[in-house]
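The values are calculated or read from the model by the stated rules, or taken from the named source; none is laboratory data. No experiment lies behind these values; they were computed from the predicted model shown. Cβ coordinates were reconstructed from backbone atoms using ideal geometry, including for glycine residues, and neighbour counts include every protein chain displayed.
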């Protein structure tokens, strides 16, 4: 019995119709990025494993797809680690390369390698595939397209405002309903972690990051399971219970952190970003200060943001990002970076569910030449060549089967017009054109075939 063939879990095939919609969305994104004067770059699909690990946090590091070493390198496998059940150490010994997990870490490597060739601030955009060994679910895949913009070289809060405007511009151009953009700052979270008597904010960031999925009660329960002290949980609960307007939350935090300059600096930044963004006339974004937002990636050092779909759509995160000061080059303040990502596949889902894709994604017409088994088939091929030189979409049916079957093929393919040139037509120096939508058939001078079809296309 033959084996059933399936796509690998978490991957997909795309039909030509789906690709037209994906191309439309991607073109909108790229057009908006270019409007803000971002420059496009590309990086390899895989990186050195050492480049990727240690940048995302322990949980995320485990989701990196490693590439098995080949040849003599496989002999260096740490079999002792395997016997001791140290599986991560063992797998690392089998691999020194990995598929990229995101586009930010490869960007940091790119910038570090090209410091002398770039103008700062360096504004880049990138639209490429990334791979993550996550549990697949609706809108989440193991292979997916990531679309990023980043500004490297300055720590000015206007970079955050700029990226928020990028989000707003994209969603407005796509005619999407208003989305929710939440903002926080890792410096504030750092202050909270100190009040909880923790060594690092990264101890709570991955848990906090689940708040929108499991709720505050779920976060508290998980902290208890991980043996956090009651006093630490009470401290965190105080902040998660803060409500009111953005400004009211900011004022309450200032009173709480009046002696912690790092946290108050973070509060000041959040206030500046919110007020400046709101003055810039946001059209498709509801902006809110959310203390539960943590973004689990460990390289974030300042502002963090996340965009979510409207509640009624229940699709989840549509993108996010943050500031990273140490990722590009340690202790180099001029290389502070801020960047955001767009969740391409989830945005696609929204456009599809709300019928926001244009009905005429591909307005150019297509033509099929029927095959009558002409002895001088070269005549047809020469016409087709001339048409293609003028960027007219056309093809010749490859065999002289029954005309009905050729017409069926045209219908199945969604061909707009069928071109009929048989022996009789050649002798009369005409061609016939059948409109497949109306069924109307007309005759024209063969000498005018290029201009006629060009006008129709």
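Being surrounded by fewer than 19 Cβ atoms within 10 Å (Cβ to Cβ), assigned to a loop (DSSP other than H, G, I, E, B) and at pLDDT below 85 is the requirement here; does residue 258 meet it?
yes
Check the stretch 270-284 and report whether any residue there is crowded, with 17+ Cβ neighbours inside 10 Å and not in a helix (DSSP H, G or I).
yes
Taking the condition within 23 Å of residue 105 (Cβ to Cβ) and at pLDDT 85 or above, does residue 181 pass?
On the way: within 23 Å of residue 105 (Cβ to Cβ): no; at pLDDT 85 or above: yes.
No, not satisfied.
Every residue in the stretch 68-80 that is modelled with pLDDT of 75 or more and surrounded by 14 or more Cβ atoms within 10 Å (Cβ to Cβ), please.
Across the stretch 68-80, the qualifying residues are 69, 77.
Inside the stretch 417-440, can you point out the residues that are part of a loop (DSSP other than H, G, I, E, B), touching a helix residue (DSSP H, G or I) at 6+ places or on another chain (Cβ under 9 Å) and closer than 20 Å to residue 385 by Cβ?
Of everything in the stretch 417-440, those that are part of a loop (DSSP other than H, G, I, E, B), touching a helix residue (DSSP H, G or I) at 6+ places or on another chain (Cβ under 9 Å) and closer than 20 Å to residue 385 by Cβ turn out to be 421, 429.
Out of the residues in the stretch 425-434 that are touching a strand residue (DSSP E or B) at 6+ places or on another chain (Cβ under 9 Å) and over 16 Å from residue 395 (Cα atoms), state the one that is surrounded by the fewest Cβ atoms within 10 Å (Cβ to Cβ). Give the steps one after another, and end with the answer.
Looking only at the stretch 425-434, we keep the residues that are touching a strand residue (DSSP E or B) at 6+ places or on another chain (Cβ under 9 Å), and these are 425, 428-434.
Within this subset, residues satisfying the condition of being over 16 Å from residue 395 (Cα atoms) are 425, 428-430.
Working: 425: 16, 428: 11, 429: 9, 430: 17.
Taking the candidates together, the pick is 429.
State all residues of the stretch 202-211 that are closer than 29 Å to residue 314 by Cβ and either surrounded by fewer than 16 Cβ atoms within 10 Å (Cβ to Cβ) or touching a helix residue (DSSP H, G or I) at 6+ places or on another chain (Cβ under 8 Å) (or both); if no residue qualifies, say none.
Those that are closer than 29 Å to residue 314 by Cβ and either surrounded by fewer than 16 Cβ atoms within 10 Å (Cβ to Cβ) or touching a helix residue (DSSP H, G or I) at 6+ places or on another chain (Cβ under 8 Å) (or both): 204, 205, 206, 207, 208, 210, 211.
Checking residue 297 against (1) within 18 Å of residue 57 (Cα to Cα); (2) in contact with a strand residue (DSSP E or B) (Cβ under 7 Å, 6 or more places away or on another chain); (3) assigned to a loop (DSSP other than H, G, I, E, B), only one condition comes out false. Which one?
Exception for residue 297: condition (2).
All but one of (1) surrounded by 15 or more Cβ atoms within 10 Å (Cβ to Cβ); (2) more than 30 Å from residue 346 (Cβ to Cβ); (3) touching a residue at least 40 places away in the same chain (Cβ under 8 Å) hold for residue 50; state the number of the condition that does not hold.
Result: residue 50 passes all but (1).
Would you confirm, using the coordinates I've provided, whether residue 412 is part of a helix (DSSP H, G or I), out of contact with any helix residue (DSSP H, G or I) (no Cβ under 9 Å at 6 or more places or on another chain) and under 12 Å from residue 371 (Cβ atoms)? Can you show your working first?
Numbers: part of a helix (DSSP H, G or I): yes; out of contact with any helix residue (DSSP H, G or I) (no Cβ under 9 Å at 6 or more places or on another chain): yes; under 12 Å from residue 371 (Cβ atoms): no.
No.
Which condition breaks for residue 244 when tested against (1) on the phi > 0 side of the Ramachandran plot; (2) touching a strand residue (DSSP E or B) at 6+ places or on another chain (Cβ under 8 Å); (3) without any contact (Cβ under 8 Å) to a residue 24 or more places away in the chain?
Result: residue 244 passes all but (2).
Of the residues 382, 443, which single one is over 14 Å from residue 367 (Cβ atoms) and either part of a strand (DSSP E or B) or modelled with pLDDT of 95 or more (or both)?
Result of the check over 382, 443: 443.
Given the conditions (1) within 40 Å of the chain's Cα centre (by Cα); (2) touching a residue at least 12 places away in the same chain (Cβ under 8 Å); (3) outside any helix (DSSP H, G or I), and given that residue 387 satisfies all but one, which numbered condition is not satisfied?
Residue 387 satisfies all of (1) within 40 Å of the chain's Cα centre (by Cα); (2) touching a residue at least 12 places away in the same chain (Cβ under 8 Å); (3) outside any helix (DSSP H, G or I) except (3).
Here is a yes/no grid of residues against (1) closer than 21 Å to residue 435 by Cβ; (2) touching a strand residue (DSSP E or B) at 6+ places or on another chain (Cβ under 8 Å):
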{"site": "368", "(1), (2)": "yes, yes"}
{"site": "371", "(1), (2)": "yes, yes"}
{"site": "381", "(1), (2)": "no, yes"}
{"site": "396", "(1), (2)": "yes, yes"}
{"site": "403", "(1), (2)": "yes, no"}
{"site": "407", "(1), (2)": "yes, yes"}
{"site": "415", "(1), (2)": "yes, yes"}
